[in-house]
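Right, one structure below, let's go through it.
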Amino acid sequence: MQSGWTMIGRMALLLALAGPLAAAVSEPVLDIGQGGKCVDDPKFMRLNHMKLMRHQRDETVRQGIRGGKYSLAGCVDCHASKKNHSVLGTDQNFCQGCHVYAAVKIDCFECHSSEPRRALAGEPPK
Amino acid sequence: MSCNHDQQRRQFLSRGAALTAAVSIAPGLMLYDFARARPPGEAANPAVRWGMLIDTTQCESGCDACVSACNKENGLSGRTLPTDSQWIRKLELQQEDTGRKISMPMMCQHCAEPPCVDVCPTGASFKRADGIVLVDKHRCIGCRYCMMACPYKARSFVHEPVTDHSGATPRGQGTVESCTLCVHRVDQGVAPACVEACAREGHQAILFGNLNDPKSAIAQRIRSVASVKLRADLNLDPGISFVGI
Ligand code: SF4
Ligand code: SF4
């Protein structure tokens, strides 16, 4: 057992060393859905959306401040794929694709809808 | 005010409620009155206290329009197993000695002194500035202390993963939930789903509005008819009052 673990350890080390040499994982190709102009600079959003959304979420839930621009529902409205009307489903879908690439688990959609509000309201997708 | 005086007053209030049981809400009376939808960026107003006045004399036995509307609005299954969420229930009660029957909806009473908030170890249960008691599910760990603390059995625990997110309220497994007074609608200046449904059925048993505004229909009505709060002896100061109990 112990030697097995040592071998796995060595392999991990080798892989870690090899990592920077070979660009092993290619960047995700995302289906951005409707897209358009983002509420903020996309680079900034890529790095900071979680902090912005978390901040706004607390203000909305606890103080009742509505209409902020960094809302999860807003992301979904613009970025749900036109194929399955969702930001989840495949590794091309907007939220799932990037989160799989970055290996960060999203639990937003255990409670929130991954479909745009107009789809939930029974209106045809744009 | 002495304790004794308080008790007498309460007895008087319950008797008064029985006497005025036949008084109905005048036709055309506004069911709710909002100043306006709160503009974007503005926080809930601490000068407002949202509440309801439920007139049991107008509530029809067997009608469950309010319950179905709540289920649909908030994406609840409508099943009534002990493991299913129920935010509003219909109660059919009978007075033992007289045999008098009443029918009424029962939900979170949006207490001004909510024990669910007192016991919550994470700060998930909270009372919003305008009196609406909510669960911040981002903070809820599902310990269910609040369910034990609530004397009205108003809260439910979500036992199973939520797959249907078609409701207006985000819901998820492992958290506790209860009537939100349709906070998402109220913030837009729209009455809660149950209130709307009751009126649609032509019953007008639920009056919704700002208890703190002396000119609101609910405040005027509470001034003019006898109403009671459930388990007033607990001093939780519920935001929901009842007529005809
Ligand atoms: S009725 Fe129960 S859940 Fe609602 S505020 Fe009072 S204690 Fe909390
Ligand atoms: S179940 Fe959630 S809301 Fe209720 S007391 Fe526990 S942490 Fe607070």
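In table form, for the structure just shown:
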| read-out | value |
| --- | --- |
| The stretch B:101-124, residues that are of a type in the set (S, T, N, Q) and over 19 Å from B:V183 (Cα atoms) | B:S103, B:T122 |
| Subset tally (residues that are buried (at least 16 other Cβ atoms within 10 Å of the Cβ) and either under 25 Å from B:A232 (Cα atoms) or within 16 Å of ligand 2 (Cβ to nearest atom) (or both)) for the stretch B:64-118 | 23 |
| Residue within the stretch B:65-85 that is within 13 Å of ligand 1 (Cβ to nearest atom), of a type in the set (A, V, I, L, M, F, W, C) and in contact (Cβ under 8 Å) with a residue 60 or more places away in the chain present | no |
| Condition met for B:S156 (touching a Gly at 6+ places or on another chain (Cβ under 7 Å) and in contact (Cβ under 8 Å) with a residue 60 or more places away in the chain) | no |
| B:R155 being more than 19 Å from the chain's Cα centre (by Cα), within 12 Å of ligand 2 (Cβ to nearest atom) and not hydroxyl-bearing (S, T, Y) | no |
| Matching entry among B:T122, B:T180 (being more than 11 Å from ligand 1 (Cβ to nearest atom) and either under 22 Å from B:I240 (Cβ atoms) or β-branched (V, I, T) (or both)) | B:T122 |
| Candidate set: the stretch B:132-142, residues that are open to solvent by 10 Å² or more (accessible area, probe 1.4 Å) and either over 17 Å from A:C111 (Cβ atoms) or in a strand (DSSP E or B) (or both); chosen: the one nearest to the other protein chains (Cβ to nearest Cβ) | B:L134 |
| Which numbered condition B:V195 misses (of (1) part of a helix (DSSP H, G or I); (2) over 23 Å from A:E115 (Cα atoms); (3) open to solvent by 10 Å² or more (accessible area, probe 1.4 Å)) | (3) |
| Test: B:Y145 is more than 14 Å from every other protein chain (Cβ to nearest Cβ), under 29 Å from B:D233 (Cα atoms), among the aromatic types (F, W, Y) and free of Cβ contacts under 8 Å to residues at least 60 places away in the same chain | yes |
| A:Q96 more than 19 Å from B:P170 (Cβ to Cβ) and away from chain B (no Cβ under 11 Å) | no |
| Scan of the stretch A:59-95 for residues that are touching a helix residue (DSSP H, G or I) at 6+ places or on another chain (Cβ under 7 Å) and among the acidic types (D, E), ordered by number | A:D77, A:D91 |
| Enumeration of residues in the stretch B:144-173 that are away from ligand 1 (no atom under 13 Å from the Cβ), out of contact with any helix residue (DSSP H, G or I) (no Cβ under 8 Å at 6 or more places or on another chain) and open to solvent by 50 Å² or more (accessible area, probe 1.4 Å) | B:H159, B:E160, B:T163, B:D164 |
| Residue ranges of strands (runs of 3 or more DSSP E) in the stretch B:29-121 with at least 1 members of a type in the set (F, W, Y) | B:50-55 |
| Pairs where the first residue, in the stretch A:42-65, is more than 9 Å from every other protein chain (Cβ to nearest Cβ) and the second is of a type in the set (K, R) and surrounded by 14 or more Cβ atoms within 10 Å (Cβ to Cβ), C-beta under 9 Å, 6+ apart | A:T60/A:R66 |
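The values are calculated or read from the model by the stated rules, or taken from the named source; none is laboratory data. Worth saying up front: this structure is predicted, and the values here are computed from it rather than measured. Note that each Cβ is placed from the backbone with ideal geometry, even for glycine, and that neighbours are counted across all protein chains shown. Only protein heavy atoms, including side chains, enter the accessible area calculation; ligands, DNA and RNA are left aside. Shrake-Rupley method; radii C 1.70, N 1.55, O 1.52, S 1.80 Å.
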